[in-house]
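Take a look at the structure below.
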Amino acid sequence: MLLSEPVHLIMPVGAAAWGEPLLAPAVTEVWPADLARLAGQRWIAGCDRCRENLLRQCAAAGFTPKIAFTTDDFVAVQALVMAGLGVALLPTLALRAARNPGVRTVRLRGTRRNVVAIRYGEPPDPPATALLLDVLRAVATETPAASARSPAREPAPVA
């Protein structure tokens, strides 16, 4: 496993206006059971695995989500949420890659997404494969603040 990361409920920044106590500005984490308070909202689903996770989390909260949109593009998910067209669940890595300032995130406690790397062949791994896995592990666990401090790298010249 390369990474285990939290999952977040994504909603528009002005979502507190919906009048839900769940969405009060001071709330930064909720339990999956709390999703029941959003049973009447439209939902945005992702890829097949993400959709399965959404359905599982909502079923555990006692409802079936009204899925209005489906896309595996996390930038599009955030744009749809920002436009007020629904709420969604996204993992931390998607938010680190591109964060729309018009969305608010609330961590969904007790939920995690695992990212794995599958390799072909018998051990030991070739040196290039071992190096790639080491780099992927390092980047996956790097904090956003650390990556902001890293000097920008120039692309290698193409011969």
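Details
- Some residue of the range 56-64 being under 21 Å from Arg112 (Cβ atoms) and in contact with a strand residue (DSSP E or B) (Cβ under 6 Å, 6 or more places away or on another chain): no
- Some residue of the range 28-50 being within 25 Å of Thr141 (Cα to Cα) and polar (S, T, N, Q): yes
- Taken over the range 93-141, the criterion of being of a type in the set (Val, Ile, Thr) and at pLDDT below 90 is satisfied by Thr111, Val115, Val116, Ile118, Thr129, Val135, Val139, Thr141.
- Residue pairs meeting the criteria (Cβ under 8 Å; at least 6 apart or on separate chains; first without any contact (Cβ under 8 Å) to a residue 24 or more places away in the chain, in the range 51-72; second assigned to a helix (DSSP H, G or I)): Cys58/Leu35; Thr64/Leu55; Thr64/Cys58
- Tabulated pairs, the range 117-130, first in a loop (DSSP other than H, G, I, E, B), second among the polar types (S, T, N, Q), C-beta under 6 angstrom, 6+ apart or interchain: Arg119/Thr129
- Residue list for the range 109-134, restricted to those being surrounded by 10 or more Cβ atoms within 10 Å (Cβ to Cβ) and either β-branched (Val, Ile, Thr) or more than 30 Å from Thr28 (Cβ to Cβ) (or both): Thr111, Val115, Ala117, Arg119, Asp125, Pro126, Thr129, Ala130, Leu131, Leu132, Leu133, Asp134
- The residue of the range 56-85 that is modelled with the lowest pLDDT, among those that are more than 13 Å from Leu38 (Cβ to Cβ) and part of a loop (DSSP other than H, G, I, E, B), is Gly84.
- The residues on offer are Leu108, Leu93, and the sole one that is within 30 Å of Val135 (Cβ to Cβ) and touching a His at 6+ places or on another chain (Cβ under 9 Å) is Leu108.
- When Trp31, Trp43 are checked against the criterion of being surrounded by 17 or more Cβ atoms within 10 Å (Cβ to Cβ) and among the aromatic types (Phe, Trp, Tyr), a single residue qualifies: Trp43.
- Test result for Ala88, in contact with a helix residue (DSSP H, G or I) (Cβ under 7 Å, 6 or more places away or on another chain), surrounded by 14 or more Cβ atoms within 10 Å (Cβ to Cβ), in a helix (DSSP H, G or I) and of a type outside the set (Asp, Glu): no
- For the range 49-85, the set of residues classified as in contact with a Leu (Cβ under 6 Å, 6 or more places away or on another chain) and among the small types (Gly, Ala, Ser) consists of Ala61 only.
The values are calculated or read from the model by the stated rules, or taken from the named source; none is laboratory data. The shown structure was predicted, so the numbers you read here are calculated from the model rather than taken from an experiment. Here Cβ is always computed from backbone atoms with ideal geometry, including for glycine, and neighbour counts include all displayed protein chains.
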